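For reference, the structure is listed below as structure tokens.
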Amino acid sequence: MVLSNEGIVVILFVGLVAGWLAGKIVRGTGFGIIGDIIVGIAGAFIVSLLFPRLGIHLGSGIVSEIIYSAIGAVLLLLIVRLLRGRF
């Protein structure tokens with residue numbers, strides 16, 4: 001899969017929104033606004049690569065990308081929460 005420059009910018013923007021949204025959904029486990037945004041961007045990258053390969057499609061457009069990325073960010077926040085609790 002090849003990402004264009006515009007695709008990367010969209011993923012970064014959507015990751016910003018998704019990180020903020022994930023921080024609101026997973027209360028008490030966030031890393032502050034900056035940390036949540038970074039997790040959102042990472043979730044956006046992971047989900048943008050993983051979901052199409054799994055055949056998961058919720059639609060098209062920026063709203064579906066925000067939903068995908070928010071799901072990825074929430075999952076990453078929960079995984080980090082589980083790992084942080086063990087160490």
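The values are calculated or read from the model by the stated rules, or taken from the named source; none is laboratory data. Computed from a prediction, not measured in an experiment: that's the story for all the values here. All Cβ positions, even for glycine, are placed from backbone atoms using ideal geometry, and neighbour counts span all protein chains on display.
General observations
- Restricting segment 62-87 to residues that are surrounded by fewer than 13 Cβ atoms within 10 Å (Cβ to Cβ) and modelled with pLDDT under 75 leaves a set whose member that is nearest to the chain's Cα centre (by Cα) is Ile62.
- Qualifying position, being surrounded by fewer than 12 Cβ atoms within 10 Å (Cβ to Cβ) and modelled with pLDDT of 75 or more, among Val47, Val39, Val9: Val9
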